[in-house]
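The values are calculated or read from the model by the stated rules, or taken from the named source; none is laboratory data. Just so we're clear, the structure is a prediction, and the values are computed from it rather than from any experiment. All Cβ positions, glycine included, derive from the backbone under ideal geometry; neighbour counts span all protein chains shown. Protein only, heavy atoms only, side chains kept; ligands, DNA and RNA dropped before computing areas. Shrake-Rupley method; radii C 1.70, N 1.55, O 1.52, S 1.80 Å.
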Amino acid sequence: MGLEEYLALWCGAFGTVALVGYGRSLAGLTPAQRAVRVMGRIERVREPRHGSSQRDGIPVVVSFQDPSTGQEFTVTNDADHGERITAAWTGREVGVRYPRGRPHAYQFVGDLWAGRRGLGWPNFAVFLIYAGLVVFAAIDWGWPWALIGFGGPWTVSGMFYLPQNARVVNRRIDALTSQPPVPGRVIAVLTDTSTDADGDTMTSSTPVITFTTHEGTSVIAYCPDGRPDPVKSHGRDVTIHYSPDDPAVFTPDLAAESRSRSLDTAFSVVALLLGVAAVVVGVVLL
């Protein structure tokens, strides 16, 4: 087969996947659309054991109600039940998703409505079709088309992402500095060990802090990365800046938070400029 036949086969296969996926979504038949999504409430929070693993999240007891039957369920996150809960307090709402009629197969989710239309695989199939077309154009018409084909969408997405990210960063910093900080304390350091493909052992340490908001809410949360000497931080006092609207948004180092967000913005700008440069170079070389 020639290059055109391979391209037709590629586009036909993934086009079928995309059409079937979009058709199921329009008909409301994807597993994501059929799943039940409810808000649960944290009833109890237990401090993680010092030296244990951070993979399971903060131990909590959550209650939720099945809307189809009205039955109440009280569950824990002590097994593989979706996303980790890394910040918890009594009364906090958490997303719970499960297959219809199977509430015991619950999964905790951070964003309850993310992926609710089940379009992940169809969208990925469309991306593969586009990638195949760009590769074909680069081989058949010349490699500058690869720069244009991939640099164009990269630039467009960067132009939308950059101002949106800047607004999110500004709102976050404003929220963290909107009121005086509160005292906190490192109550545990969680340790995980892994081995890479070369047999080298890597150890990561995650401090767990507790603090009480000005409103009287007692929060237990994994500390953000970047704390100095986290292994020896057990029992250390810290100062916490947090968002009054969501105590899960906090930082023990406001200056480091500002530097990190500025660095993220700088990387986004560089990525956008690389996309623009790829398109310009591709056009010039045509």
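Our summary of shape: the Cα atoms of region 205-262 have principal axis extents of 31, 30, 14 Å, ordered from largest down, in whole angstrom. Does region 62-193 classify as rounded, prolate or oblate by the C-alpha gyration tensor (a ≥ b ≥ c root eigenvalues; a/c under 1.5 gives rounded; else a/b over b/c gives prolate, otherwise oblate)? It is oblate, given that a/c is not under 1.5 and a/b is not larger than b/c. Here the accessible area of the chain is 59 percent carbon and sulfur, with a 1.4 angstrom probe and all protein chains present.
Might you report the magnitude of the Cβ-based charge dipole of the chain about its Cα centre, with Lys and Arg at +1 and Asp and Glu at -1, to the nearest 20 debye?
700 debye
Computed from backbone phi, the HN-Hα couplings of region 27-34 come to 7, x, 10, 6, x, 5, 6, 7 Hz, rounded to whole numbers (Karplus: 6.51 cos²θ - 1.76 cosθ + 1.60, θ = phi - 60°; Gly and Pro given as x). Within the assembled protein chains, the solvent-accessible surface assigned to residue 39 is about 90 Å², based on a 1.4 Å probe. Built from the Cα atoms of the chain, the convex hull projects on average onto 20.3 nm², one quarter of its surface area.
Ligands, DNA and RNA aside, residue 86 has an accessible area near 50 Å² when probed at 1.4 Å.
For region 158-286, what is the accessible area per residue in Å² when the probe is 1.4 Å? Ligands and nucleic acids excluded, the result is 57 Å² per residue. Taking 256, 27, 188 in turn, the Gaussian network model of the chain (Cα-Cα springs below 10 Å) assigns the largest fluctuation to 27. For the chain, the relative contact order is 19 percent, taking Cα pairs closer than 8 Å that sit 6 or more residues apart in sequence and dividing their mean separation by the residue count. Applying the Kirkwood pairwise sum to the alpha-carbon positions of region 109-265 produces a hydrodynamic radius of 19.8 angstrom. Each Cα pair under 8 Å and six or more residues apart adds its separation to the average, and for region 1-134 the resulting relative contact order is 33 percent.
Over region 150-286, calculate the relative contact order: mean separation of alpha carbon pairs under 8 Å at least 6 apart, over the residue count, as a percent. Could you put the intermediate results ahead of the total?
Numbers: 183 pairs, mean separation 42.3, N = 137.
Value for region 150-286: 31 percent.
Residues whose amide H falls under 5 Å from that of residue 44, counting only those 5 or more places apart or on a different chain, are 61, with hydrogens built in the peptide plane.
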